[in-house]
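As structure tokens, the structure follows; a few thoughts come after it.
The values are calculated or read from the model by the stated rules, or taken from the named source; none is laboratory data. What you are looking at is a predicted structure, and each value in this text was computed from that prediction instead of being measured. Cβ: placed from backbone, ideal geometry, glycine included. Neighbour counts: every protein chain shown.
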Amino acid sequence: MATYPFLSDEWISEARSIRAELAGDAEAPSGVKVKANLVVTEVPFGNSSIDAHLDTTGAGVEVDTGHIDDAELKITLDYSTAKSILIEGNAQAGMQAFMAGKIKVEGDMSKLMALQAAPPDATAEAVTKRLQEITA
């Protein structure tokens, strides 16, 4: 199976395909609905940063490029931390980065905390596993 750098154009394309394939059974994790814009810095390819978003209001968890207009949060974090949290599921890395000032949050922080505390549903876990498999 081919692997791609996290958030590269190829990775985004493959992630969209995975989400589309598994979307029929997906639900937002534990009913937590949040839209967040992400600014991922220190990207090791292309531009030095990527504008992306996280959306749990539809089927499952969507991570895609570009900002959305009605986001409740804006989260700025470095590439390594974003990959640790979103692909490896390492919430502790996120907490450590936040405490070290490597993550900046603007907006409704309670939404982020609720999302972090919610257990993922089975479909979200399946999507995460597939994303791990395609991530270099």
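Structure notes:
- Residues of the range 81-101 satisfying the condition of being surrounded by 16 or more Cβ atoms within 10 Å (Cβ to Cβ) and farther than 12 Å from GLN132 by Cα: THR81, ALA82, ALA93, GLY94, ALA97, PHE98
- Checking each residue in the range 48-80 for being modelled with pLDDT of 90 or more and surrounded by 19 or more Cβ atoms within 10 Å (Cβ to Cβ) picks out ILE50, ALA52, HIS53, LEU54, ALA71, LEU73, ILE75, LEU77, TYR79.
- Checked against the criterion of being in a helix (DSSP H, G or I), touching a helix residue (DSSP H, G or I) at 6+ places or on another chain (Cβ under 9 Å), in contact (Cβ under 8 Å) with a residue 40 or more places away in the chain and not aromatic (Phe, Trp, Tyr), the range 108-115 contains one or more residues that satisfy it.
- Consider the range 11-26 and keep the residues that are more than 15 Å from the chain's Cα centre (by Cα) and surrounded by 14 or more Cβ atoms within 10 Å (Cβ to Cβ). The one that is modelled with the lowest pLDDT is ALA26.
- Conditions (1) β-branched (Val, Ile, Thr); (2) in a helix (DSSP H, G or I); (3) over 15 Å from LYS129 (Cα atoms): number failed by ILE18: (3)
- Any chance THR128 is in contact with an Asp or Glu (Cβ under 8 Å, 6 or more places away or on another chain), among the hydroxyl-bearing types (Ser, Thr, Tyr) and in a helix (DSSP H, G or I): no
- When residues of the range 108-136 are limited to those that are of a type outside the set (A, V, I, L, M, F, W, C) and farther than 24 Å from ARG19 by Cβ, the one surrounded by the fewest Cβ atoms within 10 Å (Cβ to Cβ): SER110
- Taking the range 36-78 as the range and being out of contact with any His (no Cβ under 7 Å at 6 or more places or on another chain), part of a strand (DSSP E or B) and free of Cβ contacts under 8 Å to residues at least 40 places away in the same chain as the test, the residues that pass are VAL39, THR41, SER49, LEU54, ASP55, LEU73, LYS74, ILE75, THR76, LEU77, ASP78.
- Hits in the range 35-47 - residues which are closer than 13 Å to SER8 by Cβ and modelled with pLDDT of 85 or more: VAL40, VAL43, PRO44, PHE45
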